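Scroll down for the structure; my scribbles are underneath it.
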C-alpha cells in the first residue's frame, strides 16, 4: 500500500511487519499471537478479530485461525477449564504452571464470545474467498458451535447468551473486558452473574446470520431459513431487553437477575457492527 504521505506509508509498513512478526505457522496455516511477552501464545478472541480485520489483506490468516480453533474445539465438559462441547478456545499455554495445573490455561475455554466470533469469521472468510471446500470442512465445527450457543451459552433459557465461571480459578468476567470490576451498574455495584453482555448478543446474531449464509452456500436451504428466523427473533428480543430510551443506547449488560447495567460504554457499538441494532437505533447509538 503506497500513498503520497511518507509517514502514513511508514505506519502501514510497520503495522504489517508487526502483524507478520506475531504470526506463527501451524499445521493449519498462520496464527497471530496476541502479543509479547506474556501473550505470545494462542488466544481465541484476539486471533479471530485480527483475522477479521485482515481479511481484505490476507485471507490465509483467517483460514489458519479457523483451522486451529476447529481442531481445538472443546468436545467434552470440563468445569476446571470452563469447557463444554462445541465451545471455542479462549487461550492455550504450554508453560510449567499450565502443565502442572497451577493455572487453568493449558487449554482454557473461559471466553463467552470466541464461539460466536468463530462462526462469524467462517462466514466472512467464505464471503471474501468463496472457498467452499474450507467451508464444507468447517461445517461440522460450525454446527457444534451453534449447538453450544443454544444449549450451554444460554444458561437460563431466556434466549440470551450468558457467562459464569464454573471454577474458582477461572476468569470472573469472560468478555473482552475481563477484569474483575469491568461489568457494573450505574451506582458502581459490580454485576453478579450469569451476565449477558450487549456485544455478545450482537456476535450471536452475527453467528446465526453468518451460519445461514454458509448453509445456503452449501445447499442446506432449510437450515439456512431456520437460522435466519432465529436471528430475526434474537434481534427483536435484544432491542426490547437492552435498549434504554433514557441512555439513548444499549445497556452494557443484564445481570443474573436480568437487571440492566445502565452504563454508557463502547460495548453497544458492536451492535452496529453485526447489524443486530434496528435501523432507527443506529443514530442514537452512534451519538451516545
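Please treat every number below as a calculation from the coordinates, not as lab data. This is a predicted model, so every value here is computed, not measured. Neighbour counts run over all protein chains shown; Cβ positions are idealised from the backbone, glycine included.
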Checklist entry - Based on the Cβ-Cβ distance of residue 168 and residue 10, what FRET efficiency does E = 1/(1 + (r/R0)^6) give at R0 = 51 Å, to the nearest 0.05? => result 0.60
Next on the checklist: Assuming 0.36 nm per residue, please report the length gained on full extension of the stretch residue 130 to residue 236 beyond their Cα-Cα distance.
Outcome noted: 35.1 nm
Next on the checklist: Can you tell me the mean projection area, over all orientations, of the convex hull of the stretch 159-288's alpha carbons? Units nm², please.
Outcome noted: 8.7
Checklist outcome for this item: Taking 0.36 nm per residue of separation between residue 21 and residue 280 and subtracting their Cα-Cα distance, the length gained on full extension comes to 89.0 nm
Item to check | Computed [θ] at 222 nm, deg cm²/dmol, the chain (DSSP H ≥ 4; -39,500 (n - 2.57); rounded to nearest 500) | outcome: -14500 deg cm²/dmol
Checklist entry - If packing is taken as the mean number of other Cβ atoms within 10 Å per residue, what is the order of 241-251, 107-117, highest first? => result 107-117, 241-251
Next on the checklist: Show me the ranking of peptides 155-163, 43-51, 272-280 by mean Cβ neighbours inside 10 Å, starting with the highest.
Outcome noted: 43-51, 155-163, 272-280
Next on the checklist: Taking each pair of distinct Cα atoms in the chain once, what is the resulting Kirkwood hydrodynamic radius in Å?
Outcome noted: 19.7
